[in-house]
1. Please report the spacing between the Cα centers of the stretch 82-120 and the stretch 1-58 in Å, no decimals.
2. Take peptides 91-101, 18-28 and line them up by average Cβ neighbours within 10 Å, highest first, as a rough protection proxy.
3. Past 20 Å, Cα to Cα, is the threshold; run 3/81; 6/130; 74/130 against it and keep the listed order.
4. Would you mind working out the accessible area per residue for the stretch 36-147, using a 1.4 Å probe, and quoting it in Å²?
5. If I compute solvent accessible area with a 1.4 Å probe over the protein chains, what percent of it on the chain is carbon and sulfur?
6. Using only alpha carbon pairs under 8 Å that are at least six residues apart, calculate the relative contact order of the chain and give it in whole percent.
7. Put +1 on the Cβ of each Lys and Arg and -1 on the Cβ of each Asp and Glu in the chain; which of 20, 111, 42 then has its Cα farthest toward the positive end of the dipole?
8. In 10 Å bins starting at 0, how do the alpha-carbon pair distances of the chain split up by percent?
Amino acid sequence: MKKVLKNIQLAYYAVYIAAIAAAVSGYALMNANLRIDPQSEVGIALNSVLIVLIIGSVPLALWLFSRNTKKWAKLTDVHEKLAKYQKGSIIRLLVLGVGLVLGVVFYYVLGLQSMIFAAGISAIGVFFCKPAEVKVVAELELEEYPE
């Protein structure tokens, strides 16, 4: 259980570190005048794709994980439950993290305030995925679990 939580926490904090790295990179791109006109076809396409990605991926990732967690709770092998939960948690964090990182980068490249709001929506989704032992035990309906 401790190893599973540690791995999920690593993925959780890696998403936020990637967002910080994206902000630094985006700032460097902005200072190097590598900006895209938000009114150009490319700018409109990037803006639209990111917003659709976030609007679709955040609720879908959270819903699919919730649905799968209910299936995993019915499994009898605790190790299998934890392995599937870990894999699902990391995939969910990666899906939400992509929107967060792209939102931060696009904010600097496009200069649109809507991009930082989109990144914020993904950040809130990632925040709801914060791993905790109590949460894992409750979601997987664990009575006894290995250390």
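The values are calculated or read from the model by the stated rules, or taken from the named source; none is laboratory data. Nothing here was measured: the structure is a model prediction, and the numbers come from that model. Positions of Cβ are backbone-derived with ideal geometry, glycine not excepted, and every protein chain shown enters the neighbour counts. Ligands, DNA and RNA are excluded from the accessible area calculation, which covers all protein heavy atoms including side chains. Shrake-Rupley method; radii C 1.70, N 1.55, O 1.52, S 1.80 Å.
1. Rounded to whole Å, the Cα centres lie 5 Å apart.
2. Going from most to least packed, we get 91-101, 18-28.
3. On the way: 3/81 14 Å; 6/130 12 Å; 74/130 23 Å.
Checking Cα-Cα distances, 74/130 exceed 20 Å.
4. On a per-residue basis, the stretch 36-147 sits at 56 Å².
5. Details: 5760 of 8530 Å².
Ligands and nucleic acids excluded, carbon and sulfur give 67 percent.
6. 40 percent
7. My answer, from the dipole projection, is 20.
8. 12, 36, 26, 16, 8, 2
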